[in-house]
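**Student:** Quick one: this structure, given as structure tokens, is what I'll be asking you about.
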Amino acid sequence: DAVDDDSTQLAEIRGLVCPHIDYDRGGPVYAAVCKRAASAARAADLVVILGTDHYGSNLLTLTRQSYRTPFGVLPTAQDVVNDIAEAIGPETAFGHELLHRCEHSVELAAVWLHHARDGEPCEMVPILCSAFGPFIQEEKDPGQEPAFEALRNALEQAAVGRRMLVIAAADLAHVGPAFGGAPQGAMERAQVQAADSESIAHM
């Protein structure tokens, strides 16, 4: 729980990491995540989905459009989106907004979220997040990135008096012919599993 400056309102913020792989391959993992996170999903009145941006280069990409699932529409929290856009700048926020139309990462998480809520809608903030390649190549600390700091501050303010759930619809390794790569032997698969396990341990 977080407390705002005047200590009069509580903000409840919960977070989880889930995959955004297709449902056929990821079904068992989705089921496990949904089972463990169902109560948090149902309790939330604001859900932030941080989805992998596979096509854009902006650090953060917002949209004012809402996401439709088979259960109906999850309305985008316009006030929160506007506050974040003001904090990080409109060009950063909306320069690649149309990528939300073809990006599956937020979409797949939104569907299981809506299912976990038994079809009950809640306000959502969909955010696409690009790769960390530039930080790795330039050996820069993402924690010092002004856009991330502005996003964090804006979300903390948005959470005051609300129950916020933050979902990272994230990627682990994509290897092998199913993803356009070479076949992997037992040693390669073991190395990939070890690397993924290390990432999960950090989370």
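The values are calculated or read from the model by the stated rules, or taken from the named source; none is laboratory data. In this text, all values refer to a predicted model and were calculated from it rather than measured experimentally. For neighbour counting, all protein chains shown are included, and Cβ atoms are generated from backbone atoms with ideal geometry for every residue, glycine included. In case anyone asks, the SASA skips ligands and DNA or RNA and just uses the protein heavy atoms, side chains included. Shrake-Rupley method; radii C 1.70, N 1.55, O 1.52, S 1.80 Å.
**Student:** Going through the stretch 64-111 one residue at a time, which ones are open to solvent by less than 20 Å² (accessible area, probe 1.4 Å) and hydrophobic (A, V, I, L, M, F, W, C)?
**Tutor:** LEU74, ALA77, VAL80, VAL81, ILE84, ALA85, ALA93, VAL106, ALA109, ALA110
**Student:** Cβ contacts < 9 Å: first residue in contact (Cβ under 8 Å) with a residue 24 or more places away in the chain and hydrophobic (A, V, I, L, M, F, W, C), restricted to the stretch 87-100; second residue open to solvent by 50 Å² or more (accessible area, probe 1.4 Å) and outside any helix (DSSP H, G or I), any location; separation 6+ or different chain. Result?
**Tutor:** PHE94/ARG64; LEU99/HIS54; LEU99/TYR55
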